[in-house]
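Worksheet: the structure to be examined is printed underneath.
The values are calculated or read from the model by the stated rules, or taken from the named source; none is laboratory data. Values in this document were obtained by computation on a predicted structure and should not be read as measured data. When we count neighbours, we look across all protein chains shown, and the Cβ atoms used for this are built from the backbone with ideal geometry, even at glycine. Keep in mind that these areas ignore ligands, DNA and RNA; they rest on the heavy atoms of the full protein, side chains included. Shrake-Rupley method; radii C 1.70, N 1.55, O 1.52, S 1.80 Å.
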Amino acid sequence: MTPDDKYFESSEFKSKLEYYEQCIEAGHSPFMDPDDLTDIADYYNYTWEPEKAEEAIELAMELHPGATMPLVFKVRESMMFGQYKEAEEYISQIENKDDPEVCYVKAELLIAQGKLDEADIFLEQNYQRQDIDSQQDFIIDAAMIWDDFQHYDRAISWTMRLDPRHLDVEALELIARIHFGLKHYDESIKIYESIIDKKPFSMQTWYALASAQLMNDNLEDAEKSIDFALAIKPDNQESMLLKGNILSRMEKFDKAIDTYERYQKIAPNDMMTYINLATCYYATDNINKAREMALKALKAIDYHDKDVALQACEQLVLLDLEQNNVEEANKWVEMAEQISEYAEEPLMLKAHILLYQRRLQEALNMFQDAIELSPNKRDVIMRMLASLFDNGYRKLGIIATRYYCNMDNVTEEDLENMTPEELIAYIKQNLETKW
């Protein structure tokens, strides 16, 4: 949940929203300032009601032509669809060009167009124009922009300018998020724990801490943290989903299934839940139930969610191979070819089937083709190594691990003695550094 989302839950915002909706229902124009109307449009976007959001922002622009925040909203909306000239036109309509929001949205537009250095120079020039009292706030805002666009290296360089003696909770939360983005999970955890000391009943902070602990493989701590978040707000969707993911990682599959099913009742359109359930049922040897969930996940294609549909195809390949049904497994590969925009996805599934059939050289050639085609070579290599171990090619898998992974932290004897699960965990960690 972002800081804006917290505002949506406040009594102040709820009263404004109630007034707005009563006026609209009665056919009257609400007497509201442009910032409040923009907040309402943001809220409707947050609740997946784009038509209502557009109605609110159009009303704001009609009642307050030239006002900053409604036009900033339209700029960001245009950027989302790659309509950069239209975004520039909305910026030109803003009357108060000295409003800091104009500076920020101009920087965002540059970043959206891939002009990263130009954006950084633009922010630096505007930072130099700030008086001393405003510089701390400007640094935070600049870092937030880079964080929003997931350029965490640039975001952290801005936060380094902050005066550590005057870091409020908002600044600490930002720094923790950036460290999380940089995969500095230990540092992120440390900061979130310090925030909890200041606000122990913040569901959002417990959730963020649990996320960092999960990514750092502190699974027992993550489970405790997410339980605190759920104790504060029992029906929170994000917390419930994260608890299911934590329990699944801990291999507490029965509990994970219960949690995912509770989550599904409050988020029935999240097709990824069926993938999670299929994985858990597969792990508990309930093949029929796993197949049922994977088939339901295929409906994601109706929601234009190709990623989930592809994962469903992968699950069904594994399930059919589990029952020695190669012909059916290949049918799911054919479906993956129709769905996927990337050639490497069906290639990896084909290669896995070839390994299952003991057609080793054909499989390795196909994996090599997938590696060459993929922009994310680390993921393909990871899946190739996992497939080798899954199909009983342990010796070859270890040789490939030695080739692809950094061996500085483990001896060859240690590698030979690892369980398959330990090997996969080692590969995942060490491929991060080499690739």
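Summary of values
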item: Pairwise label distance in nanometres, Glu9 with Leu219, each label 7 Å out on the Cα-Cβ vector; result: 2.8
item: Max mean-square fluctuation residue, GNM over the chain, Cα-Cα springs under 10 Å, options Lys74, Lys14, Lys299; result: Lys14
item: Stretchable slack from Glu193 to Asn325, in nm (0.36 nm times residue separation minus alpha-carbon distance); result: 42.5 nm
item: Spin-label pair Leu396/Asp186, simplified geometry with 7 Å Cα→Cβ offset, distance in nm; result: 3.8
item: Length gained when the stretch Asp302-Ala283 is fully extended (0.36 nm per residue, less Cα-Cα span); result: 4.1 nm
item: Kirkwood-based Rg to Rh ratio, the chain, C-alpha trace; result: 1.00
item: Residue-normalised accessible area of the chain, expressed per residue, 1.4 Å probe, Å²; result: 54
item: Efficiency of FRET between Phe81 and Glu341 - r from beta-carbon atoms, R0 22 angstrom, step 0.05; result: 0.70
item: Share of Cα-Cα pairs in region 309-382 lying beyond 21 Å, as whole percent; result: 19
item: Label-to-label distance, nm, for residues given as Ala425 and Gln237 (7 Å Cα→Cβ offset); result: 3.3
item: Qualifying lysines (Cα of each under 26 Å from Cα of Lys16; at least 8 residues distant if same chain); result: Lys6, Lys52, Lys74, Lys233
